[in-house]
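The values are calculated or read from the model by the stated rules, or taken from the named source; none is laboratory data. Fair warning: this is a prediction, and the values are worked out from it, not measured in the lab. Glycine also receives a Cβ, built like all others from the backbone with ideal geometry; neighbour counts cover every protein chain displayed.
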Amino acid sequence: MTKDALIIFDTTLRDGEQSPGASMTKSEKLRIARALEKMKVDVIEAGFAIASQGDFEAVKAIADTITDSTVCSLARALDKDIERAAEALQNANSARIHTFIATSPIHMKYKLQMSPDLVVEQAVRAVKKARNYTDNVEFSCEDAGRSEIDFLCRIIEAAIDAGAGTINIPDTVGYAIPQQFGETMKTLIERIPNSDKAVFSVHCHNDLGLAVANSLSAVLAGARQVECTINGLGERAGNASLEEIVMAVRTRQDIFGIDTGIDTTGIVPASKLVSTVTGFPVQPNKAIVGANAFAHESGIHQDGVLKHRETYEIMRAQDVGWHTNSLVLGKHSGRNAFKTRLLDLGYRFETETLLNEAFARFKDLADKKHEIFDEDLHALVSDSVSSHLNEKYRLVCMSVTSETGMTPKAKVTIAIDGVEHTAESEGGGPVDATFKAIDSIVESGAVLQLYSVNAITSGTDSQGEVTVRLERGGRIVNGLGADTDIVIASAKAYLNGLNAIQDQGARQHPQGADV
């Protein structure tokens, strides 16, 4: 990439995963990483290698697998972080270490409890340490949005001299305003003597709904890398949305004069994959990837689009991947067609047994609903894979009675480590009765924080995808289940969440990971 091209740095697997309940398994991260690679994302931030053994293994697996994108690991400005990141990335075809330290007065005083001189010293030492492992080092000034401009100039100049090839200016708390943030970026590039030796980057949070606007303002001011996530996933209100950044630059070439190397036809499939894996549905009116993004109901709009598309559409739906919504498989489709379509969607099964089990689920689904869409396949595979992950609890069978004027009842049989247990319960509705029956067996102590149902496709035979969010002891997990019967989908989701919360290898991010 040249200074006249915009580098896309995707942090869905690192910052995006820090959304409460969005933790992903290693296999899920790999699927998303492959989708990002297929989309020609320049840099994939695969995780925070020192955060946990699970994070380390996920970063390593992605580094071992991805060949066309640079694979990056985050690291605090500490020797142990950088060494762990380097270990995870050692087999990468192209590796980057992304190290950071806080630079705002409030962070230096209260969080780091370090003087500005010591912060500069530690930043320089960290960059030099990282350069021992790779020539591709990125340095971030955490909370740059609230940092003093003179100090930013000082520490960035020192970091570039130490060997940082990318300098990232994060609006960590989403405090910036577009015009002001663009002026900050312009000032830094103009005032720092060696700024021409580095690519300037931006990483914006969406606390005020301005992440994309701030990022684009920085691009206009000279930033040539944007850090973003699929669907805007991320801590608190999220990050700048990759799809919005890419399509804004692509659509308004007259303003930006640069472009990305992204294959935009992969945007919608990647969005659906991330939504399915995390259990975070995309709102219908979400730009680019929302179900209504290219829908027109107004008669005037419909008439205009029919006469000339550009009257009301500034982008073509198929350019961002919406054409993939078409029917792809049916009950007569064979195993090879099923496998091939899943490969197109970024799914690879580690064993033939897993593939065969997923194919059997596909056949069962095809008997229940006539049309099988890509969204169905995403849900089916996630359901298939999740059933094999830490499966302490497994649904064996269930029956539910719900009748007008009568209290709903549920009878549930689940296997705990292979031993079957049965319980019955009443509830305010069939789902409530089901969850109470499960709780009477498991006694997990988990608190249900969220219950959400989404129709995967249209029609009364659509699969229902249920997301539950459970909390226990401060740990939050998502459970996901899909079925044409919404009550069965709910039971699957609840057990999936209970299985996840049993995993003692929970990822714990070090304080300050939110760059």
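Here is how the numbers come out for the structure above:
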{"read-out": "Test: Val41 is in contact (Cβ under 8 Å) with a residue 60 or more places away in the chain and surrounded by 24 or more Cβ atoms within 10 Å (Cβ to Cβ)", "value": "yes"}
{"read-out": "The one condition in (1) of a type outside the set (S, T, N, Q); (2) modelled with pLDDT under 95; (3) out of contact with any helix residue (DSSP H, G or I) (no Cβ under 8 Å at 6 or more places or on another chain) that Gly145 fails to fulfil", "value": "(3)"}
{"read-out": "Leading residue by the ranking (nearest to the chain's Cα centre (by Cα)) among those in the range 432-449 that are surrounded by fewer than 16 Cβ atoms within 10 Å (Cβ to Cβ) and more than 30 Å from Ala291 (Cβ to Cβ)", "value": "Val447"}
{"read-out": "Residue match in the range 500-509 (condition: in contact with an Asp or Glu (Cβ under 8 Å, 6 or more places away or on another chain), of a type outside the set (Ser, Thr, Tyr) and modelled with pLDDT under 85)", "value": "yes"}
{"read-out": "Filter result for Met114 (in the same structural domain as Ala221 (by TED's automatic domain parsing), surrounded by 20 or more Cβ atoms within 10 Å (Cβ to Cβ) and either in contact with a strand residue (DSSP E or B) (Cβ under 7 Å, 6 or more places away or on another chain) or on the phi < 0 side of the Ramachandran plot (or both))", "value": "no"}
{"read-out": "Filter result for Ala176 (of a type in the set (Gly, Ala, Ser), crowded, with 21+ Cβ neighbours inside 10 Å and over 18 Å from Thr103 (Cβ atoms))", "value": "no"}
{"read-out": "Residue check for Asp117: among the acidic types (Asp, Glu), assigned to a loop (DSSP other than H, G, I, E, B) and either closer than 27 Å to Ala158 by Cα or in contact with a helix residue (DSSP H, G or I) (Cβ under 7 Å, 6 or more places away or on another chain) (or both)", "value": "no"}
{"read-out": "Phe181 at pLDDT 95 or above and in contact with a strand residue (DSSP E or B) (Cβ under 8 Å, 6 or more places away or on another chain)", "value": "yes"}
{"read-out": "Odd one out for Ala130 among (1) among the hydrophobic types (A, V, I, L, M, F, W, C); (2) under 26 Å from Glu190 (Cβ atoms); (3) within 32 Å of the chain's Cα centre (by Cα)", "value": "(2)"}
{"read-out": "Selection within the range 199-223 - aliphatic (A, V, I, L, M), in contact (Cβ under 8 Å) with a residue 40 or more places away in the chain and over 19 Å from Ile255 (Cα atoms)", "value": "Val199"}
{"read-out": "Lone unmet requirement of (1) over 33 Å from the mean Cα position of the chain (by Cα); (2) closer than 24 Å to Arg469 by Cα for Ser452", "value": "(1)"}
{"read-out": "Qualifying residue in the range 425-441 (condition: within 25 Å of Pro284 (Cα to Cα) and part of a strand (DSSP E or B))", "value": "no"}
{"read-out": "Test result for Ala33, at pLDDT 95 or above and in contact with a Cys (Cβ under 7 Å, 6 or more places away or on another chain)", "value": "no"}
{"read-out": "Qualifying residue in the range 471-487 (condition: buried (at least 23 other Cβ atoms within 10 Å of the Cβ), assigned to a strand (DSSP E or B), in contact (Cβ under 8 Å) with a residue 60 or more places away in the chain and β-branched (Val, Ile, Thr))", "value": "yes"}
{"read-out": "When residues of the range 1-22 are limited to those that are assigned to a loop (DSSP other than H, G, I, E, B) and among the polar types (S, T, N, Q), the one modelled with the lowest pLDDT", "value": "Thr2"}
{"read-out": "Helices (runs of 4 or more DSSP H) fully within the range 185-290 counting 3 or more residues that are more than 17 Å from the chain's Cα centre (by Cα) and of a type in the set (Gly, Ala, Ser)", "value": "211-220"}
